[in-house]
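Since the structure comes first, as structure tokens, the remarks are kept for the end.
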Amino acid sequence: MGQVLDKFHGKEWKKKQIRKISDKVYERITVQSGSATLTFENLYIAVLLVYNDINKLLPGPHFDPPSKEQVRSMMQECDFNLDGDLDHEEFVEFIQRLTTDTLIVVSQGLIVTLVVAPTVAMTTKKATEGVPGVGKVVQKLPNSIYASLVTLAIVWFQTSREEV
């Protein structure tokens, strides 16, 4: 699924994007708290900020952050030095694990946008050739423009359905 995304941005694109977001959020929280590590309370605030950034920056549907219980459970898994807090590298690993499913959904959305939608566009263009009125208008449009219009319509339909 992520192969389309990888082809356009390189194999490490997803990790780099999440790493940028993680680094920015980690610095913000540690500067505000005055601590070099994240307690559970600060970790949960950081998770909310990371999900806010993901929802702003990455294409596709908006994602709900995990519950406090999920964060607490994953925190224990990623606290490698067992000090009860997460340092920077533990936090980055925590966020990478937490956002794995999120990135799969983004990849699926890109596949629909980049592969399925243009195919649907060309099929519908071919199907409307004999329809009076419609066929003539559609056939005058270059394939690339018609495919773009149908792709935009599909993306709009997907996003409007997710908001309901």
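The values are calculated or read from the model by the stated rules, or taken from the named source; none is laboratory data. Quick caveat, the model's predicted, so the values are computed rather than measured. Positions of Cβ are backbone-derived with ideal geometry, glycine not excepted, and every protein chain shown enters the neighbour counts. Surface areas here come from the heavy atoms of the whole protein model, side chains and all, with no ligands, DNA or RNA. Shrake-Rupley method; radii C 1.70, N 1.55, O 1.52, S 1.80 Å.
How would you rank 35-45, 139-149, highest first, on the average number of other Cβ atoms within 10 Å across their residues?
Per-residue mean Cβ counts within 10 Å order the peptides as 35-45, 139-149.
What is the extension gain from S144 to E89, computed as 0.36 nm multiplied by their sequence separation minus the C-alpha to C-alpha distance, in nm to one decimal?
Working it through step by step, the gained length comes to 15.3 nm.
Distance cut-off 27 Å, Cα to Cα: go down the list K15/K125; K24/K68; K56/K126; K20/K68 and report the pairs above it.
From the list (K15/K125; K24/K68; K56/K126; K20/K68), the Cα-Cα distance tops 27 Å for K15/K125; K56/K126.
Can you give the extra length, in nm with one decimal, that the chain gains between E41 and R19 once fully stretched, where that is 0.36 nm per residue apart less the Cα-Cα distance?
That works out to 5.8 nm of additional length.
Taking the Cα-to-Cβ direction at L152 and at Q76 and moving 7 Å from each Cα, how far apart do the two end points lie in nm?
The two pseudo-label positions are separated by 5.1 nm.
Can you give the extra length, in nm with one decimal, that the chain gains between S33 and M122 once fully stretched, where that is 0.36 nm per residue apart less the Cα-Cα distance?
Extending this stretch completely gives an extra 26.5 nm.
For E90, E27, what's the largest-to-smallest order of accessible area, 1.4 Å probe?
Largest accessible area first, the list is E27, E90.
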